[in-house]
Amino acid sequence: MEPSDRTDQARTRITKLVFPQDTNPLGTLYGGTALQWMDEVAFLAATRFARRQVVTVSMDRVDFKVPIPQGSIVELVGDIIRVGRTSMVVQVRILLEDAMVGTQELAIEGNLVMVAVDQDMKPAAL
Ligand SMILES: CC(C)(COP(=O)(O)OP(=O)(O)OC[C@H]1O[C@@H](n2cnc3c(N)ncnc32)[C@H](O)[C@@H]1OP(=O)(O)O)[C@@H](O)C(=O)NCCC(=O)NCCS
């Protein structure tokens, strides 16, 4: 399979509803919850690309651009943007959707580095 096909097939989207337990005292999406969701999307995208077990080795800068109110629909999108020998950089975006109109705006963005590992938890070539 061509690398670009693998990248296309690895793209991962998850749609979520922001419940009260996902929020901070201001009633907007809690940053720690957002990071957990981002790690999940990155894990899924990297696993689809590698078709191996993967672990998170680094979470790069994450920008919180727009607050996300309770009750919002959000879509997380994970894309493989760089591939090394054993590592992959996954760009994760959280898009805030206007439920009545259908438009989306970029609310949170960050890159995570995932590494493919073998059964001994040693880095494994992709
Ligand atoms: C992931 C792990 C196996 C890598 O081991 P390591 O000894 O650092 O391995 P290497 O130095 O050979 O690095 C492996 C790859 O990871 C990359 N890497 C390692 N540390 C990195 C970091 N902090 N940031 C970005 N990339 C990193 C290396 O550049 C290399 O990439 P490449 O093979 O594409 O060139 C090890 O660090 C580990 O087990 N970490 C804990 C993972 C974990 O528990 N995650 C949370 C739960 S999923």
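The values are calculated or read from the model by the stated rules, or taken from the named source; none is laboratory data. From a predicted model like this one, the values you see are computed outputs, not experimental measurements. Virtual Cβ from ideal backbone geometry, glycine too; neighbours counted across all protein chains shown.
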Would a scan of segment 38-60 turn up a residue that is closer than 30 Å to Q119 by Cα and modelled with pLDDT under 95?
-> yes
Strands (runs of 3 or more DSSP E) contained entirely in segment 13-126, each with at least 3 residues that are among the charged types (D, E, K, R) and on the phi < 0 side of the Ramachandran plot | 53-64, 73-83
So which residues in segment 70-112 are hydrophobic (A, V, I, L, M, F, W, C), farther than 14 Å from A10 by Cα and surrounded by 18 or more Cβ atoms within 10 Å (Cβ to Cβ)?
-> V74, I94, L95, L96, A107, I108, L112
Given the residues V57, V18, V41, which is the only one that is loosely packed, with under 15 Cβ neighbours inside 10 Å, out of contact with any Asp or Glu (no Cβ under 9 Å at 6 or more places or on another chain) and either among the β-branched types (V, I, T) or closer than 22 Å to D98 by Cα (or both)?
-> V57
Residue check: is V115 crowded, with 18+ Cβ neighbours inside 10 Å, among the β-branched types (V, I, T), at pLDDT 95 or above and away from the ligand (no atom under 12 Å from the Cβ)?
-> no
Considering (1) of a type in the set (D, E, K, R); (2) within 12 Å of the ligand (Cβ to nearest atom); (3) touching a strand residue (DSSP E or B) at 6+ places or on another chain (Cβ under 9 Å); (4) more than 22 Å from E2 (Cα to Cα), say which one D120 fails and leave the rest.
-> (3)
